[in-house]
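Okay, structure first, notes after.
The values are calculated or read from the model by the stated rules, or taken from the named source; none is laboratory data. Not measured: the values here are computed from a predicted model. Neighbour counts are summed over all protein chains in view; Cβ atoms, including those assigned to glycine, are modelled from backbone coordinates with ideal geometry. Note: areas computed on protein heavy atoms with side chains; ligands, DNA, RNA excluded. Shrake-Rupley method; radii C 1.70, N 1.55, O 1.52, S 1.80 Å.
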Amino acid sequence: MFNFSLHAPTKVLFGKGQIAALAKEIPAGARVLVTYGGGSIKRNGVLDAVRAALKEHTSFEFGGIEPNPDYATLMQAVHLAREQQVDFLLAVGGGSVADGTKFIAAAIPYAADPWLILAGNRTQRPTGAVPMGVVLTLPATGSEMNSGAVISRRETGDKLAFQSPHVMPRFAVLDPETTYTLPPRQTANGVVDAFVHTVEQYLTYPVNAKLQDRLAEGILATLIEEGPKLLAAPEDYDARANVMWAATMALNGYVGVGQPQDWATHMLGHEITALHGLDHAQTLAIVLPAMLQERRSPKRDKLLQYAERVWGLRDGDEEQRITAAIQATRDFFERMGVPTRFSGHGISEPRVPELIQKLEAHGMTALGEHRDVTLDVSRRVLEATA
Ligand code: NZQ
Ligand code: ZN
């Protein structure tokens with residue numbers, strides 16, 4: 001196991017009715033900006049519950065943060081927050097609202113051009129941020145309990161990530177009942193995203209990190225068992241609760257510590273969203289099976305472990321078991337209703353040369369746990385996804 005340091009200070013308030021408890025987590029005199037997306041929280045009562053919880057606080061609202069949150073939209077919120085001297089942010093929504101709010105939190109006190117938070121170098125990282133909390137309505141990204149955010153800039157076709165300990169949410173409210181209104185596509189996206197987060201930190205090479213492995217296998221098994229139930233019965237509380245906690249645990253640090261990590265599938269996926277406009281998880285469902293196929297040799301030992309422990313595949317020789325595990329992964333995504341080829345999303349062919357150009361421009365030329373996913377390897381993966 002590698003050395004690691006882990007600091008996961010987000011307080012989790014999990015379960016029915018927990019929105020009511022959030023006011024205690026925000027300083028009494030705070031000026032709070034509530035941020036949200038396109039309006040789902042108005043229709044399902046979550047915004048009313050948040051307003052009721054904040055009735056003793058001075059609060060403002062900023063709506064309209066779009067999926068794959070856009071830099072220009074977020075800068076409007078930064079201006080509003082500066083004007084109103086906001087000193088606490090409350091993100092209410094999915095990963096896009098949480099990520100967008102992390103950017104707003106870092107940009108408010110940032111002295112230079114805020115674009116440098118995303119595109120700048122190490123010396124330009126944020127040195128502070130306005131504190132924030134999250135009310136999560138879409139289990140998927142783990143953003144509610146991690147320090148990362150992914151921001152898009154449609155104007156330039158970029159989708160870039162940043163990480164900062166300053167934007168780690170102070171608390172996260174996870175009420176599974178808020179997820180009942182998710183459209184099937186978003187429910188499925190969440191399950192696939194959490195699955196791939198786990199795989200990116202688990203399916204690399206063995207370093208004898210036994211607990212992290214078993215945690216990863218437990219998360220994957222939970223998603224495989226509970227995910228399909230959500231499509232059949234959207235108001236199955238226990239299934240919603242299990243998926244919600246699994247998605248948070250998939251990317252709050254515990255699975256990945258002390259282990260090599262991959263993330264090549266995500267980096268290709270971000271470029272696909274920026275160029276083709278597919279949902280984040282849709283891109284992962286397309287790339288992951290092709291990536292595993294391409295990387296079956298360096299990932300051999302872990303693929304065999306995954307085949308046996310996650311999919312119960314014990315028959316046949318090693319090559320057959322690996323092939324069957326990759327196929328089982330693809331079948332699971334398809335069973336969740338997320339097509340695993342571009343054609344399934346109505347795109348006859350990916351624009352491979354442009355995707356490769358963007359990867360190069362973003363410095364994504366040596367990806368994966370061995371840093372040997374070169375642009376040539378990425379090209380082969382993308383060519384296998386049509
Ligand atoms: O905008 P509203 O009206 O709220 O509707 C949203 C949105 O249209 C809807 N939705 C959310 N909760 C709902 C609901 N509809 C009905 N009922 C509810 N309870 O779902 C749609 C998608 O929301 P979004 O937040 O975009 O989805 P998701 O949570 O999948 O987030 C995706 C974003 O997160 C980034 C992705 O790149 C993408 O930009 N990621 C962030 C990560 C992180 N911070 O660690 C890691 C991930 O790998 C990922 O890259
Ligand atoms: Zn993801």
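Data table
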quantity: Potential lengthening between F2 and E235 on full extension [0.36 nm per residue; Cα-Cα distance subtracted]; calculated: 79.8 nm
quantity: Accessible surface of the chain [probe 1.4 Å, protein heavy atoms]: carbon and sulfur percent; calculated: 49
quantity: Total formal charge among the other residues, if their Cβ is under 15 angstrom from that of P67, Lys/Arg +1 and Asp/Glu -1; calculated: -1
quantity: Accessible solvent surface per residue of the chain, calculated while the other protein chains remain in place, 1.4 angstrom probe, Å²; calculated: 41
quantity: Angle in degrees between helix 210-232 and the longest Cα principal axis of the chain, rounded to the nearest 10; calculated: 80
quantity: With Cα atoms, 0 to 90° folded angle of helix 352-361 axis to the chain main axis; calculated: 60
quantity: Acute angle (nearest 10 degrees) that the helix 71-83 long axis makes with the longest principal axis of the chain, alpha-carbon atoms; calculated: 30
quantity: Residue-count net charge about G95 - beta-carbon cut-off 9 Å; Lys, Arg +1, Asp, Glu -1; calculated: -3
quantity: Computed lengthening from A119 to E225, 0.36 nm per intervening residue step minus Cα-Cα distance; calculated: 34.2 nm
quantity: Length-normalised contact order for the stretch 303-386 - Cα pairs under 8 Å, 6+ apart - percent; calculated: 21
quantity: Peptides ranked, highest mean first, by Cβ atoms within 10 Å: ranges 99-108, 261-270; calculated: 99-108, 261-270
quantity: Highest average packing first - 182-192, 6-16, Cβ atoms within 10 Å; calculated: 182-192, 6-16
quantity: Within the chain, longest stretch clear of exposed GluC sites (Glu not before Pro) (DSSP loop, no more than 16 other Cβ within 10 Å); calculated: 236-386
